[in-house]
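Structure, as structure tokens:
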Amino acid sequence: MSFLDDLPLLPPDPLLAVARQAGQDNRAGKIDLTIGVYKDRSGQTPIFRSVKAAESYLVQNERTKSYISTDGVATFCSAITAFVLPTHQVACNRLATVQTIGGTGALSLAGRFLAENCPGQAVWIGTPTWSNHVAVMQQCGLPIQTYPRSLPGGGRNFTAMMDVLANKARRGDIILLQPVCHNPTGDDWNDAEWAEIVEQVVRAGLVPLVDMAYHGLGQTLDADLLRLHALMEKVEIALLCYSCSKNFGLYRERVGALLVGGQSRARPAALQSQLAAIARASYSMPPAHGAGVVGHILTTPALRAQWEDEVRDMQAHLHAVRQTLATHERIGPCNARAIARGQGMFCMLPLPPAIIMLLRNEHGLYMADNGRINLAALNENNLQRFVSLINQAWESAQARTAVAAGLPASS
Ligand SMILES: Cc1ncc(COP(=O)(O)O)c(C=O)c1O
């Protein structure tokens, strides 16, 4: 008898389980909108041309596979810091940058740093949120507090957000924020709301934990940084978790960064050493390849221009999908124009679980259990069918409800 005999079998991650089911579905006409991976207009997730070029360069020029520093690839750290927090635009002290194992690794490193240094402080997470946020913060040992970021019928719950900031969070608590391309709703705070959030975060003495996993997919690479900069210019300290998975298409290479900055005059070397110590004890150092690619692209003008074009094209595809959806009056229970106003890769369809299951099982249309869809996976080959399937299923359900309530089916 060993402890292994009593190990409970954990359920699979629900989103990955649906994605696996979709992957095994061989029906023609299947539409898989589950996983948050960008797809181009032909439904593919190709390697960026700029990435291929940078990889060729690295293959030709890399001279050793010896260890790198715990902080990560030096050119990557300096290039990503200059790119995301350019000094000429942002009046903030840059305190530390550590390359991380994707955006998830940045959240985890930040969470562990906060758990160690802000004992007892809660992290506030608006729901719905990215499916891994709570699990990552929990594993770091931070107490979790949630609040409803969305209104029951859809739309942003700004009142709940302000109530947390003004009345519920304690000084020193952590507030998780996604400045652009909110996952899963795509429904970002507007500029006026963001300005109030920043003001209140400062007044309440909270620590923003900022998650940017879709930089460039909202409006432009420059515009998507404005909210982050507005925050960094006001707060004492903010921790930015940055992912290069989507905007460089480097998912499996696991490239991300944790950048810490703000108005604080804390000793940067001390902060850097603390983050490095956590990294050293967990994985010693991050992988070099993907970060080398990003560092090379950002520091080579021709490649950088090519990469910026590629990101613009992703954003244009997402924007076009939203605009095409908006030509329909409704998408099931949703006002299609509200979807068109959103940003980034996702939106949520507040469909009852029975309809989500019916669409999945009867028609091969897959979305997350909470109704989140990856808009990038819609294109001219499947968009009309997607709209028809949702509207038919929704209208049939409405008609059944009406009959059950004794109303004429058309009401
Ligand atoms: C909001 C959000 N944060 C963080 C991540 C993690 O990104 P990565 O794959 O780089 O770990 C994701 C990935 O989908 C995400 O959607």
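Are any residues in the stretch 138-157 more than 14 Å from the ligand (Cβ to nearest atom) and assigned to a loop (DSSP other than H, G, I, E, B), and if so, which ones?
Listed by number, the residues that qualify are C140, G141, L142, P143, L151, P152, G153, G154, G155, N157.
From the residues in the stretch 104-121 that are small (G, A, S) and open to solvent by 10 Å² or more (accessible area, probe 1.4 Å), which one is farthest from the ligand (Cβ to nearest atom)?
Ranking the candidates gives G120 first.
For the stretch 119-150, which residues satisfy the criterion of being without any contact (Cβ under 8 Å) to a residue 24 or more places away in the chain, over 25 Å from M367 (Cα atoms) and of a type in the set (A, V, I, L, M)?
Scanning the stretch 119-150 gives a single hit, I144.
Out of all the residues in the stretch 284-329, which are exposed (fewer than 15 other Cβ atoms within 10 Å of the Cβ) and not in a loop (DSSP other than H, G, I, E, B)?
P301, A302, A305, D309, R312, D313, A316, Q323
Looking only at the stretch 39-54, count every residue that is among the hydroxyl-bearing types (S, T, Y) and either more than 16 Å from the ligand (Cβ to nearest atom) or open to solvent by less than 50 Å² (accessible area, probe 1.4 Å) (or both) and tell me the total.
Residues meeting the conditions: 2.
I'd like the full set of residues that are under 15 Å from V387 (Cα atoms), touching a residue at least 60 places away in the same chain (Cβ under 8 Å) and either aliphatic (A, V, I, L, M) or not assigned by TED's automatic domain parsing to the domain that holds Q392 (or both), limited to the stretch 339-375.
I339, M348, L365, M367, I373, L375
Among the candidates I144, I174, single out the residue that is crowded, with 23+ Cβ neighbours inside 10 Å and farther than 24 Å from Y251 by Cα.
I174
What number of residues in the stretch 254-273 are in a helix (DSSP H, G or I) and either touching a Cys at 6+ places or on another chain (Cβ under 8 Å) or over 25 Å from T104 (Cβ atoms) (or both)?
Total meeting the criteria: 2.
Out of all the residues in the stretch 34-60, which are of a type in the set (A, V, I, L, M) and in contact (Cβ under 8 Å) with a residue 12 or more places away in the chain?
Passing the criteria: I35, V37, I47, V51, A53, A54, L58.
Quick test for you: out of R280, R267, pick the one residue that is among the basic types (K, R), away from the ligand (no atom under 16 Å from the Cβ) and within 10 Å of A96 (Cα to Cα).
R267
Mind checking which pairs have a first residue in the stretch 1-26 that is more than 16 Å from G364 (Cα to Cα) and open to solvent by 100 Å² or more (accessible area, probe 1.4 Å) and a second that is outside any loop (DSSP other than H, G, I, E, B) and charged (D, E, K, R), Cβ under 9 Å, 6 or more apart or different chains?
none
State the number of residues belonging to the stretch 221-251 that are open to solvent by 20 Å² or more (accessible area, probe 1.4 Å), within 9 Å of the ligand (Cβ to nearest atom) and not in a loop (DSSP other than H, G, I, E, B).
1
Identify, by number, the condition in (1) crowded, with 17+ Cβ neighbours inside 10 Å; (2) out of contact with any Cys (no Cβ under 8 Å at 6 or more places or on another chain) that M345 doesn't meet.
(2)
Would you point out which residue out of A160, A79, A135 is part of a helix (DSSP H, G or I), out of contact with any strand residue (DSSP E or B) (no Cβ under 7 Å at 6 or more places or on another chain) and away from the ligand (no atom under 16 Å from the Cβ)?
The unique qualifying residue is A79.
Test G36 against the stated conditions and say whether it is closer than 29 Å to L228 by Cβ, touching a Pro at 6+ places or on another chain (Cβ under 7 Å) and open to solvent by less than 80 Å² (accessible area, probe 1.4 Å).
No; evaluated as a whole, the condition is false for this residue.
The values are calculated or read from the model by the stated rules, or taken from the named source; none is laboratory data. Predicted model only: the values in this text are computed from it and were never measured. In this analysis, Cβ positions are derived from the backbone assuming ideal geometry, glycine residues included, and neighbour counts consider all displayed protein chains. Just the protein is used for accessible areas: all its heavy atoms, side chains included, with ligands, DNA and RNA removed. Shrake-Rupley method; radii C 1.70, N 1.55, O 1.52, S 1.80 Å.
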